[in-house]
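For reference, the structure is listed below as structure tokens.
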Amino acid sequence: MNTLKGKTAVVTGSSSGIGKAIAILFAKEGANVVVTYHSGPDRAAAVVDEITKMGVKSKAYEVNVGDENSVIKFFAEVDKDFGDIDILVNNAGINGSGIPVEDMSTEIWDNVMKTNLYGPFYCSRELLRLKKKYKTYKGRRIINVTSIHEYVNVPGNANYNASKSGMRNFAYTLALELAAREMTVNNIAPGMILTPINEQVIDDPKKLAAADQIIPFHRGGNPEEVANVALFLASDASSYVSGSTYVVDGALSILGPNA
């Protein structure tokens, strides 16, 4: 307990799913938590209520991470409300389209890329601009929630696959840029996690059973299992860990590109 006591964490897309699990676990460990949502203000308010009952500070902000001005405004508001930020979790993301490249519109391509790749860029850049103000780098953390599809590709998912592989290389470059200041940057790559983003599989017993047969663990993961890895990367226990990807997939990606 209190692994993150006194620290402030921003967790994007934290009104549900993996982001919610990370936000709640960080709060249990003593962190003040900034919650963001793009839709569903009631869900975000419920997360904030749960967190504040733990005796730490929390507030929800409506943010479109794929919109530069929305992100800039958000970080200015957080600076006023919370001050310095210790941990940024770039979790907000949307799923792929299931459309082959030849049939994919530029709008559909851009929508996924803006959220999944531009979003972490915008948020990381604004965080680092705050770091210049506070002159605090050492021990601070950036954690990206990517996907096993950063290197395991499936057809009809080119926009999602490209966005996640882009997140990987963006994080690795940023890790090099911040290494001398001992500010770490790492990725978490989940497989099939039982969250709303996978509701088409979860809500169909046949699809879920088929997926369970493919996954070596024979089950999907829980959001809390991803959150536990995020806690490690946010804590002092990972002080010498940077430029890495931690896969949380029940050994699914070992099966290769057809996983």
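The values are calculated or read from the model by the stated rules, or taken from the named source; none is laboratory data. These numbers come from a predicted model, not from an experiment. Virtual Cβ from ideal backbone geometry, glycine too; neighbours counted across all protein chains shown. Each accessible area value is taken on the protein alone, full model and side chains, heavy atoms only, with ligands, DNA and RNA left out. Shrake-Rupley method; radii C 1.70, N 1.55, O 1.52, S 1.80 Å.
Computed quantities for the displayed model
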quantity	calculated
C-alpha long axis of helix 119-134 to longest principal axis of the chain, angle in °	10 degrees
Rounded tilt (10° steps) of 205-214 against the dominant C-alpha axis of the chain	80 degrees
Equivalent ellipsoid semi-axes - Cα gyration tensor, the chain, angstrom	28, 20, 19
Cα centroid of region 178-196 to Cα centroid of region 156-175, whole Å	12 Å
Structure-based [θ]222 nm, the chain - -39500 (n - 2.57) summed over DSSP H runs of at least 4, per residue, nearest 500	-13000 deg cm²/dmol
With at most 11 neighbouring Cβ atoms within 10 Å, loop trypsin sites (Lys or Arg not before Pro) (DSSP) excluded, longest segment of the chain	139-259
Which of ASN161, ALA23, PRO190, positive extreme of dipole for the chain (C-beta unit charges)	ALA23
Using a Förster distance of 30 Å, the FRET efficiency for ALA179-GLU107 (Cβ separation, nearest 0.05)	0.20
Listed residue (ASN90, SER235, PHE75) projecting farthest to the positive dipole end of the chain, Cβ model	SER235
Listed residue (ASN64, THR52, VAL112) projecting farthest to the positive dipole end of the chain, Cβ model	THR52
For the chain: accessible area per residue (Å², 1.4 Å)	47 Å²
q = 0.17, 0.18, 0.19, 0.26 Å⁻¹, region 21-109: log10 I(q)/I(0) [Debye, one scatterer per Cα]	-0.78, -0.84, -0.91, -1.44
Sum of side-chain charges, ASP81 neighbourhood, beta-carbon under 13 Å (Lys, Arg +1; Asp, Glu -1)	+1
Computed magnitude of the charge dipole of the chain (debye, nearest 20; Cβ of K, R +1, Cβ of D, E -1)	1020 debye
Low-density loop cleavage sites - chymotrypsin sites (Phe, Trp or Tyr not before Pro) in region 126-156, where at most 15 other Cβ are within 10 Å (DSSP)	TYR137
Estimated dipole of region 84-185 in Debye, rounded to 20 [Cβ of Lys and Arg +1, of Asp and Glu -1, Cα centre]	780 debye
Accessible surface of the chain [probe 1.4 Å, protein heavy atoms]: carbon and sulfur percent	53 percent
